[in-house]
Ligand code: SF4
Ligand code: SF4
């Protein structure tokens with residue numbers, strides 16, 4: 001894989017002003033790789049100067065955005081030519097770089113390398129300005145880190161702080177439906193694990209506190225107090241189902257500038273949504289609030305007896321393979337592997353994870369160079385075109401599964 005540092009020629013072709021990114025007199029047709037928030041913002045800023053989008057998500061590549069066509073990577077190979085110019089806006093640039101290099105043009109740049117705390121003055125349907133700026137900052141950090149040779153930057157890490165949830169969704173992709181005696185992860189263990197990781201990692205853009213429901217762990221405020229003091233962490237996102245009201249005597253912790261809430265509203269099941277949202281609004285704590293979206297049948301654990309090639313294909317198509325998850329002193333590529341390991345629902349295999357205290361190069365290899373996990377054999381996969389299912393159907397009893405001994409089979 002090639003690491004391309006933008007050269008002066010490229011820098012002179014796009015010019016980031018305070019708010020709008022401009023291409024100066026483009027001689028070539030411009031394509032935007034990635035129809036996410038950053039890609040939409042860029043297209044809106046450039047207005048009519050965009051010939052098309054490129055996106056691997058099949059659901060997106062059949063649509064248009066503002067009348068601009070969206071091509072799959074294979075369609076793009078036929079549509080683009082050596083006179084095309086591509087701006088990559090995908091956060092996980094390492095995942096698309098091979099597709100970019102396979103295009104019939106060598107003229108491409110990574111958007112994030114040209115962003116610099118960019119302020120936004122265009123609105124996008126369904127997104128507020130502060131969220132667009134947040135997304136652009138993430139692209140900036142990820143792209144600059146990707147091209148930096150000696151720094152280890154992680155875009156996001158999910159930290160499991162409890163196995164307990166106030167809901168029991170039978171299709172939970174974090175596998176909470178299988179825990180028969182769920183417990184909280186002790187404060188000391190969480191902090192010890194995280195300190196180990198931060199000894200090696202230079203920067204974590206977004207740390208996500210997850211569970212289950214993170215507020216089931218009464219130590220959450222203590223955990224937040226500790227993590228907010230970590231200089232290497234940019235943002236801490238708390239994923240909650242809004243069933244548990246926020247403690248009013250702990251608001252000083254939540255008002256820290258690093259904290260953002262992600263509130264999933266399960267309708268009648270999220271019985272304290274208005275209370276939680278009111279508290280966030282009154283205290284000016286940033287949050288996103290949305291219904292459960294894009295649920296797929298990814299919470300099933302089953303021995304599919306796949307061969308290596310089949311696991312590689314599943315991994316290649318998986319949209320969850322970069323949801324790095326820290327638990328049990330280990331770093332996993334995805335919450336499925338992490339929780340299947342915690343549950344002993346898959347045979348022990350060293351290749352599923354890496355110890356949190358590993359070296360920079362080992363963490364880099366694990367987070368960017370592997371082609372599958374042994375856990376993929378037990379997973380249905382999370383491809384972009386998986387059919388959607390009805391979200392949040394509740395189960396009264398924990399689901400049964402096969403328990404393996406923790407014997408090293410690798
Ligand atoms: S999906 Fe349901 S069970 Fe899983 S963490 Fe969220 S609310 Fe809990
Ligand atoms: S186990 Fe493999 S296929 Fe399943 S979510 Fe993780 S990376 Fe994706």
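Each reported figure results from applying straightforward, stated rules to the coordinates on display, with no laboratory input. Bear in mind the structure is a predicted one, so any value in this text is a computation, not a measurement. Positions of Cβ are generated from backbone atoms using ideal geometry, with glycine treated the same way; all protein chains shown enter the neighbour counts.
Computed from Cα atoms, the angle from the helix 308-317 axis to the main principal axis of the chain rounds to 70 degrees. Counting neighbouring beta carbons within 10 Å and listing from fewest to most, the residues 379, 228, 169 come out as 228, 169, 379. Here the gap between residue 83 and residue 369, fully extended at 0.36 nm per residue and compared with their Cα-Cα distance, gives a gain of 99.8 nm. Between helix 37-46 and the chain there is an angle of about 20 degrees, using the helix long axis and the longest principal axis of the Cα atoms. Compared with the dominant Cα axis of the chain, that is its longest principal axis, helix 129-147 is turned about 80°. Here the sum of -39500 (n - 2.57) over DSSP H runs of 4 or more residues, divided by the residues of the chain, equals -8000 deg cm²/dmol at 222 nm, to the nearest 500.
Placing R0 at 51 angstrom, the Cβ-Cβ distance between residue 397 and residue 231 gives a FRET efficiency of 0.70 after rounding to 0.05.
With the cut-off at 1.5 for a/c, could you classify the stretch 150-378 from its C-alpha gyration tensor as rounded, prolate or oblate?
Judged from the Cα gyration tensor, the stretch 150-378 comes out oblate (a/c at least 1.5, b/c at or above a/b).
Summarising the label geometry, the points placed 7 Å from Cα in the beta-carbon direction at residue 128 and residue 388 lie 2.4 nm from one another.
Summarising the overall dimensions of the stretch 304-394 from its C-alpha atoms, the Rg and Dmax are 13.4, 42 angstrom.
Summary of the geometry: the stretch 190-265 and the stretch 145-182, compared by the centres of their Cα atoms, lie 12 Å apart. For the chain, the spread of Cα coordinates along the three principal axes comes to 63, 54, 42 Å, biggest extent given first. Under conditions of 37 °C and 0.692 mPa s, the stretch 251-298 yields 275 µm² s⁻¹ as its translational diffusion coefficient, taking Rh as the Kirkwood radius over Cα pairs in the Stokes-Einstein equation.
Each label point is 7 Å from the Cα along the Cα-to-Cβ direction; what then is the distance between the points at residue 256 and residue 294, in nm? Using points 7 Å along Cα→Cβ, the separation is 2.8 nm. Largest first, the extents of the alpha carbon coordinates of the stretch 135-186 on the three principal axes equal 45, 23, 14 Å.
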